[in-house]
1. Going Cα to Cα from LYS295, which aspartates and glutamates come in below 19 Å? Please leave out same-chain ones fewer than 8 positions away.
2. Using a 7 Å offset from Cα along Cα-Cβ at ASN248, what residues in the stretch 120-147 end up with backbone N under 19 Å from the label point?
3. Would you compute, for the Cα atoms of the stretch 8-241, the largest minus smallest coordinate along each principal axis and list the three values in descending order, in whole Å?
4. Let me spell out the model: positive unit charges on the Cβ of Lys and Arg, negative unit charges on the Cβ of Asp and Glu, origin at the Cα centre of the stretch 203-361. What dipole size does that give, in debye rounded to 20?
5. LYS330 to ILE267: FRET efficiency via 1/(1 + (r/R0)^6), r the Cβ-Cβ distance, R0 41 Å, to the nearest 0.05?
6. Quick one: length gained pulling ASP277 to ASP123 fully straight, 0.36 nm per residue minus the C-alpha distance?
7. How would you order 125-136, 289-300, 265-276 from highest to lowest mean count of nearby Cβ atoms within 10 Å?
8. What nm distance separates the two modelled labels at VAL87 and ILE362, each placed 7 Å from Cα along Cα→Cβ?
Amino acid sequence: MKVPFLDLRAQYHSIKDEVDAAVLKVLESTAYASGPFVEEFEKNYAAAHDVTHCVAVNSGTSALHLALLALGIGQGDEVIIPAHTFVATAWAVSYVGATPVFCDVTNDTYTLDPLKIEAKITDRTKAIIPVHLYGQPADMDTIMIVAEKYNLRVIEDAAQSHIAEYNGKKIGGLADIACFSFYPGKNLGAYGEGGAITTNSDVLAEKCKLLRNHAQPVKYVHTEVGYNYRMDGIQGAVLNVKLGHLANWTELRRSVAERYTAAFSSIDGLTPPKERDNTKHVYHLYELGLESQEKRDKLMEYLQSSEVQSGLHYPIPVHLQEAYRDLGYKAGDFPVTEWCADNLLSLPMYPDMTDEMVEYVIKKVTEFAKK
Ligand SMILES: Cc1ncc(COP(=O)(O)O)c(C=O)c1O
């Protein structure tokens, strides 16, 4: 049986009529860039996260860039981010001329380790970007206590965690501002690129709206250097349709995760992901830990030979990327991050997986582990 890592076509076919109608409506209306379909999506997305504002943009990376600009972070500033994340978290810090300061993650949830943040704070530190990685919220209570103590701004990188929950509240409004990605493979994915900023601050929302549209409060009047980070009308319409299915899709993801974890917990040498008691993990990715890099790579090969696709998120930590060589980090600086890069394997995880597919993945992983 073939089990792809992701099957975006299956998802499209499950909502084809709704999506096709919504896209045709945009084509007829000619509202191709920004416009009413995007505004409707912003209203619904803000409501889904219990926040007052959503500003839709053209990618998660743009969302992070605008969030940092809106908070006034720039040249000479430092921003603390986890070393274990997708590289875009760091890009945005670099775009504004600030320096990303990497910090390790916890060995159970793989999110920013709040106990290691204080040691990274200097008089140049302006902000922290916790990443709700793989769909699990970071330990926001402890992070916010550190941030308050040192008067730091906090940006949630929620690119992988749409409608995840922390202490019974949706993420997206837990800090100053939050950033989401709608890259096609995300839990809520556009049919192209997309992203959003959520916040409860009127001032920050206004600033992001201004900057995403050429800093143009009135047509052809530009009050500062702006950007073209607007969302396309078609993406707004598609995302609106898909948002209506997100809660159901999230439960389906959670039930796949539950079945994986029930099967793998009792097997020596396999470490399933841990879900913190006070969080609702939305399983953008299901990360299985192996005892060594060699075992992880062998399992990947074994699955491949059984037609099960798996993935690595992320095989080279950000502090060891060539792009950041000038910052002077070295192997061994962040042991948990480096363990994640070497030992974690992402298993197929999407709402359209059939029972047979889930059983087949479990069978193949178990066969390998017991060999
Ligand atoms: C943690 C994280 N941050 C930021 C991004 C950037 O989002 P995008 O690819 O939409 O620019 C992504 C997604 O790829 C991500 O996973």
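1. Excluding near neighbours in sequence, the set is ASP268, GLU287, GLU307, GLU338, ASP342, GLU367.
2. The answer is none, because no backbone nitrogen lies closer than 19 Å to the label point.
3. Principal extents (Cα only, largest first): 56, 44, 27 Å.
4. Roughly 940 debye, rounded to the nearest 20.
5. Efficiency computed from Cβ-Cβ geometry: 0.75.
6. Computed gain between ASP277 and ASP123 is 52.0 nm.
7. 125-136, 289-300, 265-276
8. In this crude spin-label approximation the distance works out to 3.8 nm.
Bear in mind that the values in this text are calculations on the coordinates, not laboratory data. What you are looking at is a predicted structure, and each value in this text was computed from that prediction instead of being measured. Every residue, glycine as well, gets a Cβ built from its backbone with ideal geometry; the counts of neighbours run over all protein chains shown.
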